Amino acid sequence: MNPRSLARAALPALVVLLALLAAYPVVATGYGVRVMLQLFMWVALAQSWNLISGLTGYVSFGHVAFFGMGAYTTAILVVRLGLPWPLAALVGGVAAVLLALLIGWPCLRLKGPYFAIAMLGLNEVLRVIASYFESLTGGGLGLSLPTLHASVPIYYAMGAVAGVVTLVTWLIVTSRFGLRLMTIREDEVAAEAMGIDTLRYKLYAFALSAVGPGIVGGLSARDQGYIEPISVFPFLTTITMIVMVLFGGKGTVWGPVLGASALFILQELVWARFPHWHPLLFGAIIVAVVLGMPRGVLGVLQQKYNLPRTI
Amino acid sequence: MPPLLEVREVTKRYGGVTAVHRVSLKLEPGKIFGLIGPNGSGKTTLFNCITGIARVDEGKIGLRGRRIDELKPHQIFHRGVGRTFQVIRVFPELTARENLLVVAEGPWAAACQRADELLGFVKLEHLAGEYAGNLSYGQQKLVEFVRVLMTDPDLILLDEPAAGVNPTLLNELLDAVRRLRDRGKTVLLVEHDMKVVMDLCEHVFVLDHGEKIAEGPPSAIQADEKVIEAYFGR
């Protein structure tokens with residue numbers, strides 16, 4: 001079967017897949033639902049990282065900061081104000097966007113590695129802030145949310161975020177806006193000289209890339225029922241997003257979905273048996289991807305078969 | 001006629017090196033200007049100053065009587081100044097067509113039509129869907145040339161347009177530049193191929209060690225003592 005006819009079969013297959021995922025909680029065990037909602041979370045996170053770093057080439061080493069921002073915003077709103085969790089999670093997304101605009105305005109002027117390091121710093125600063133303001137955040141003791149069994153609604157909410165972020169990526173990649181984001185990755189000086197206000201475009205992409213992690217952070221906080229600074233600002237989460245996208249194919253639509261699914265499943269299998277192995281495994285995957293196929297699985301296929309960017 | 005572009009006493013330093021020193025130029029609209037000089041004489045730096053990629057240290061640059069030397073590159077572009085680069089700067093992972101489309105403002109369909117016309121104009125229509133990075137050096141050069149024309153700028157800066165383009169295409173490219181001039185556009189080009197400069201340009205500026213040492217019509221430049229000295233030594 002050639003790739004073109006595969007592409008034609010993709011839409012019906014996608015509809016069937018979505019229907020199966022929608023029906024899944026009816027037949028699944030509680031454990032199954034929890035696993036799947038985490039998979040959705042990783043898809044949303046990887047896809048969001050792809051929006052800024054895959055398209056503009058600005059590598060964000062602190063993207064989990066938006067996740068943590070969403071988690072804390074949601075938890076505080078639920079615990080202190082008694083807001084319903086879906087609303088609180090949406091506010092978490094808004095808070096993450098505001099943070100992205102605030103941080104992006106100065107930091108997106110930095111080039112390449114300097115931006116990456118600034119973002120790394122942001123995450124560390126937020127973690128310290130979350131530890132410090134005890135009256136609001138509970139400090140190092142963390143914050144417990146009221147008990148609630150809502151795995152199934154959270155499953156659907158996570159799935160919706162993953163789906164929407166992927167849809168948005170598809171829309172962007174097929175638009176002039178998306179092409180302009182890619183010119184920043186390709187050659188920022190030329191993009192500026194060709195009339196593209198690169199700072200503004202980077203800022204839009206950065207803000208968009210914060211929405212998903214913000215909401216998903218809130219949903220995750222609700223799902224876990226307890227958050228603390230080290231659990232919502234872990235550097236390893238950013239690394240995981242990056243590895244997922246690099247593995248699947250940065251700058252593509254389905255690469256992050258593929259990468260998140262493949263690595264999450266692998267991680268679950270390995271983690272269950274050998275808890276200390278998974279950082280090692282991730283390290284090995286980074287090395288293998290960077291050396292063997294820097295464009296990722298879909299990037300390689302795309303180049304080999306001259307496929308459109310919408311894969 | 002009032003100048004379209006006026007560069008007045010512009011100086012640009014990089015650390016201890018003065019790349020451009022008190023250079024002044026006036027470009028009247030509707031003419032083709034040449035900017036020549038030995039390697040390292042400051043030609044590309046001057047281009048970078050005009051297009052906002054480099055900040056001038058001293059002096060002023062005005063376009064239609066309004067200062068542009070404090071604007072950002074994308075703002076200067078939207079005032080009607082387009083350029084190509086000495087080292088090719090196409091967007092390699094965008095197709096030839098997309099390289100043109102990203103520059104366009106306004107309705108998408110009109111932009112597509114214009115992109116296809118321009119690619120046809122340089123005989124690259126059959127490569128429109130190919131990634132620009134896969135094209136040959138000369139083809140990339142042509143993509144860069146027509147990319148500038150997407151928005152129909154009034155002032156076009158070409159940094160060595162002839163280098164690496166095959167002779168047949170070169171003639172068409174030079175014709176294209178003349179046709180732009182005939183339509184009232186102003187062109188400033190950096191070129192090492194003296195035949196191109198002498199054929200095409202109506203007025204030539206000569207830089208050496210960052211300073212303007214001569215200007216005038218090509219025939220006068222060719223006979224100028226200082227210019228000969230700059231190129232061949234005493």
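Couple of notes before you dig in:
- Search result, residues across region A:77-90 that are out of contact with any helix residue (DSSP H, G or I) (no Cβ under 6 Å at 6 or more places or on another chain) and either at negative phi or in a helix (DSSP H, G or I) (or both): A:V79, A:R80, A:L81, A:P84, A:P86, A:L87, A:L90
- The condition (being of a type in the set (F, W, Y), away from every other protein chain (no Cβ under 14 Å) and either crowded, with 24+ Cβ neighbours inside 10 Å or under 22 Å from A:L21 (Cβ atoms) (or both)) is satisfied by just one residue among A:Y155, A:Y204: A:Y155.
- Selection within region A:225-240 - out of contact with any Asp or Glu (no Cβ under 9 Å at 6 or more places or on another chain) and either touching a residue at least 60 places away in the same chain (Cβ under 8 Å) or of a type in the set (K, R) (or both): A:G225, A:Y226, A:I227, A:E228, A:P229, A:I230, A:S231, A:V232, A:P234, A:T237, A:T238, A:T240
- If you go through region A:25-48 and keep only what is among the aromatic types (F, W, Y) and under 19 Å from A:A210 (Cα atoms), you end up with A:F40, A:W42.
Table: residues versus (1) among the hydrophobic types (A, V, I, L, M, F, W, C); (2) under 19 Å from the mean Cα position of the chain (by Cα); (3) under 30 Å from B:L94 (Cβ atoms).
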site: A:L266; (1), (2), (3): yes, yes, no
site: A:W271; (1), (2), (3): yes, no, no
site: A:P275; (1), (2), (3): no, no, no
site: A:L280; (1), (2), (3): yes, no, no
site: A:V287; (1), (2), (3): yes, no, yes
site: A:G292; (1), (2), (3): no, no, yes
site: A:L298; (1), (2), (3): yes, yes, yes
site: A:Q303; (1), (2), (3): no, no, yes
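- The lone exception for B:Q113 - which of (1) under 13 Å from the mean Cα position of the chain (by Cα); (2) surrounded by fewer than 23 Cβ atoms within 10 Å (Cβ to Cβ); (3) not small (G, A, S) it fails: (1)
- For B:A163, the criteria (1) in contact (Cβ under 8 Å) with a residue 24 or more places away in the chain; (2) within 27 Å of B:V20 (Cα to Cα); (3) in a helix (DSSP H, G or I); (4) of a type in the set (G, A, S) hold in every case but one, which is (3).
- Test: A:V35 is more than 23 Å from the chain's Cα centre (by Cα) and modelled with pLDDT of 90 or more: no
- Count of region A:183-197 residues which are touching a residue at least 12 places away in the same chain (Cβ under 8 Å) and more than 7 Å from every other protein chain (Cβ to nearest Cβ): 3
- Considering region B:60-86, the residues that are among the β-branched types (V, I, T) and at the interface with chain A (Cβ under 10 Å from one of its Cβ atoms) include one that is surrounded by the most Cβ atoms within 10 Å (Cβ to Cβ), namely B:V81.
- Among the residues of region A:101-151, just one is buried (at least 18 other Cβ atoms within 10 Å of the Cβ), touching a strand residue (DSSP E or B) at 6+ places or on another chain (Cβ under 7 Å) and either in a helix (DSSP H, G or I) or hydroxyl-bearing (S, T, Y) (or both), namely A:T137.
- Any chance A:G212 is more than 14 Å from every other protein chain (Cβ to nearest Cβ) and either surrounded by 24 or more Cβ atoms within 10 Å (Cβ to Cβ) or among the charged types (D, E, K, R) (or both): yes
- Listed by first and then second residue, the pairs with beta-carbon distance under 7 Å, at least 6 apart or on different chains, first residue in region B:97-112 and facing chain A (nearest Cβ under 9 Å) and without any contact (Cβ under 8 Å) to a residue 12 or more places away in the chain, second of a type in the set (D, E, K, R) and assigned to a helix (DSSP H, G or I), are B:V102/A:R176; B:V102/A:R180; B:W108/A:R176.
- Failed item in (1) in a helix (DSSP H, G or I); (2) closer than 23 Å to A:P308 by Cβ; (3) in contact (Cβ under 8 Å) with a residue 40 or more places away in the chain, with B:F145 passing the rest: (2)
- In the set (1) at pLDDT 95 or above; (2) surrounded by 24 or more Cβ atoms within 10 Å (Cβ to Cβ), the condition left unmet by A:S60 is number (1).
- Test: residue in region B:107-129 that is outside any helix (DSSP H, G or I) and touching a strand residue (DSSP E or B) at 6+ places or on another chain (Cβ under 6 Å): yes
- From the list A:A75, A:A96, the lone residue that is over 18 Å from A:V165 (Cβ atoms), among the small types (G, A, S) and surrounded by 24 or more Cβ atoms within 10 Å (Cβ to Cβ) is A:A75.
The values are calculated or read from the model by the stated rules, or taken from the named source; none is laboratory data. Predicted model only: the values in this text are computed from it and were never measured. Positions of Cβ are generated from backbone atoms using ideal geometry, with glycine treated the same way; all protein chains shown enter the neighbour counts.
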